[in-house]
Amino acid sequence: MSDSSRSVKGLTALVTGAASGMGRATAEVFAAEGANVAVTDYTLEGAEAVAKDIVAKGGKAKAWKLDVGDKAEIETVVAAIAKHFGGLDAVVNNAGISGFTQIDNEGYDELWERMIRVCLTAHQRIIRAALPFLRKSKNPRIVNIASTEALGATALDSAYSAAKAGVTGLTRALAVELGKEGITVNCVCPGPILTGMTKAIPDDQKEIYAKRRTALRRYGRPEEVAHITVSLCMPAASYITGVTIPVDGGLMARNA
Ligand code: NAI
């Protein structure tokens, strides 16, 4: 056995969209495992509430306002995070939005532009801003959150599906490009998860969908995705890169 560690203790992780859902759970799991966590979200209040909660439980976290749709803010905030913690080891591109409309509906172009900016362009911008710091890390990790909508599709969800499929392509390309530097780049594709994004779906509709589509017959909990994301950032996960992992209760595996 080598000394590969299953611990992220002492590493610094940046999580986007960490005020809610899977981002919040990811920040909490990192902190519970002893990592320093940069909790970032669209509003400072949202991020601060999570960071405060983590610190109250004995974890190490600090909040930043980071709108992932804002290029200048990304550059400033990523540098500030690395400065504050004295480096950066892991980046989790988690922030995302949803939006359904028919391809020929009015407003489609605006939805498309926003979706690509927040769910795809943001990932590459954050990675580019983080690279100088990741290059100095002994355990450099990038995890991009896509969706099972990147692997299959739902009607009226084409902008989201296109952005998320782009994330899987970006993941593979950067894994290949950055592999020689020891930087791993992986992608997690959540299935139906109980978060802010799915809150408006009535419980009975959720149950019907989960029973019809997933092998486990239920929605997932945010922490069930967070554990996989954090696992990909462990020193022990040093030989996995360029993969897209569905965390979907068996949704992609199920035909009938
Ligand atoms: P959520 O709505 O609970 O959390 C999303 C977070 O992202 C929120 O805190 C929100 O403020 C933040 N956010 C939105 N726009 C932002 C921006 N421009 N800058 C910074 N932060 C921003 O949703 P959830 O489900 O936890 O979403 C996390 C990721 O998982 C997203 O990328 C989403 O597309 C993806 N996903 C969610 C699924 C689900 O069933 N909930 C399924 C598959 C993927």
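Here the spin labels are modelled as points 7 Å beyond Cα on the Cα-Cβ line, and at E113 and T154 they lie 2.6 nm apart. The listed residues M234, M197 rank as M197, M234 when sorted by accessible area, largest first, using a 1.4 Å probe. When the chain is treated as a GNM with alpha-carbon contacts under 10 Å, the residue of F133, F85, F100 showing the greatest mean-square fluctuation is F100. Counting 0.36 nm for each residue step from N105 to E177 and taking away their Cα separation leaves a gain of 22.1 nm.
A compact globular protein would have a Cα radius of gyration near 2.2 N^0.38 Å; the ratio found for the chain is 0.97. Label point of T76 set 7 angstrom out along Cα-Cβ; within the stretch 112-130, amide nitrogens under 17 Å from it belong to 126, 129-130.
Between L216, L88, L44, the GNM of the chain built on Cα springs shorter than 10 angstrom shows L216 fluctuating the most.
Please give the residues of the stretch 180-224, grouped as numeric ranges, whose backbone N is less than 17 Å from a label point set 7 Å along the Cα-to-Cβ vector of S238. Inside the label zone: 180-185. Kindly express, to the nearest 10 degrees and within the range 0 to 90, the angle between helix 158-178's C-alpha long axis and the longest C-alpha principal axis of the chain. Compared with the principal axis, the helix lies near 30 degrees. A Cβ-based charge dipole, computed about the Cα centre of the chain with Lys and Arg at +1 and Asp and Glu at -1, lands at about 860 debye. Taking every protein chain into account, the 1.4 Å probe leaves S20 with about 60 Å² of accessible area, to the nearest ten.
Taking all protein chains as they are arranged and a probe of 1.4 Å, the heavy atoms of W64 leave approximately 30 Å² accessible to solvent. If a/c stays under 1.5 just call it rounded; otherwise compare a/b with b/c (prolate if a/b is bigger, oblate if not). Do that for the stretch 132-216, with a ≥ b ≥ c from the square roots of the Cα gyration tensor eigenvalues. It is prolate, given that a/c is not under 1.5 and a/b is the larger ratio. For the chain, the longest principal axis of the alpha carbon atoms and the long axis of helix 44-56 meet at an angle near 60°.
When the listed pairs K71/K164; K138/K199; K62/K138; K164/K211; K65/K136; K71/K136 are checked against a 29 Å cut-off, the alpha-carbon distance exceeds it for K138/K199. In straight-distance terms, cross-link reach from K52 covers every one of the aspartates and glutamates whose alpha-carbon lies under 18 Å from its own, apart from those fewer than eight places away in the same chain; here that gives E28, E33, D41. Carbon-plus-sulfur accessible fraction, the stretch 8-66 (probe radius 1.4 Å, protein heavy atoms only): 53%. Considering helices alone, the calculated mean residue ellipticity of the chain at 222 nm is -13000 deg cm²/dmol, with DSSP H runs of length four and up weighted by -39500 (n - 2.57) and normalised per residue. Summing charges over neighbours of I142, with a neighbour being any other residue whose Cβ is under 14 Å away from its Cβ, gives +2 when K and R count +1 and D and E count -1. Per residue, the stretch 141-196 exposes 32 Å² of solvent-accessible protein surface, assessed with a 1.4 angstrom probe and all protein chains in place. One decimal place: the segment L44-I208 gains 55.4 nm when fully extended, by the rule 0.36 nm per residue minus the C-alpha distance.
For I245, the residues whose modelled amide H falls within less than 5 Å of its own, excluding neighbours fewer than 5 places apart on the same chain, are C187, V188, C189. For the stretch 1-140, the per residue solvent-accessible surface stands at 49 Å², with DNA, RNA and ligands left out and a 1.4 Å probe. Placing S158, S238 in order of accessible area, with the largest value first and a 1.4 Å probe, yields S238, S158. As a length-normalised measure over Cα pairs under 8 Å and 6 or more apart, the relative contact order of the chain settles at 20 percent. In summary, the lysines within cross-link reach of K57, defined as a Cα separation below 17 angstrom excluding same-chain residues under 8 places away, comprise K9. Counting only alpha carbon atoms, the long axis of helix 203-213 and the longest principal axis of the chain meet at about 90°.
The values are calculated or read from the model by the stated rules, or taken from the named source; none is laboratory data. Note that the structure is predicted; figures quoted are calculated from it, not measured. Please note: Cβ atoms are built from the backbone with ideal geometry, for glycine as well, and neighbour counts cover all protein chains shown. We work out accessible area using only protein heavy atoms, side chains counted, and drop any ligands, DNA or RNA first. Shrake-Rupley method; radii C 1.70, N 1.55, O 1.52, S 1.80 Å.
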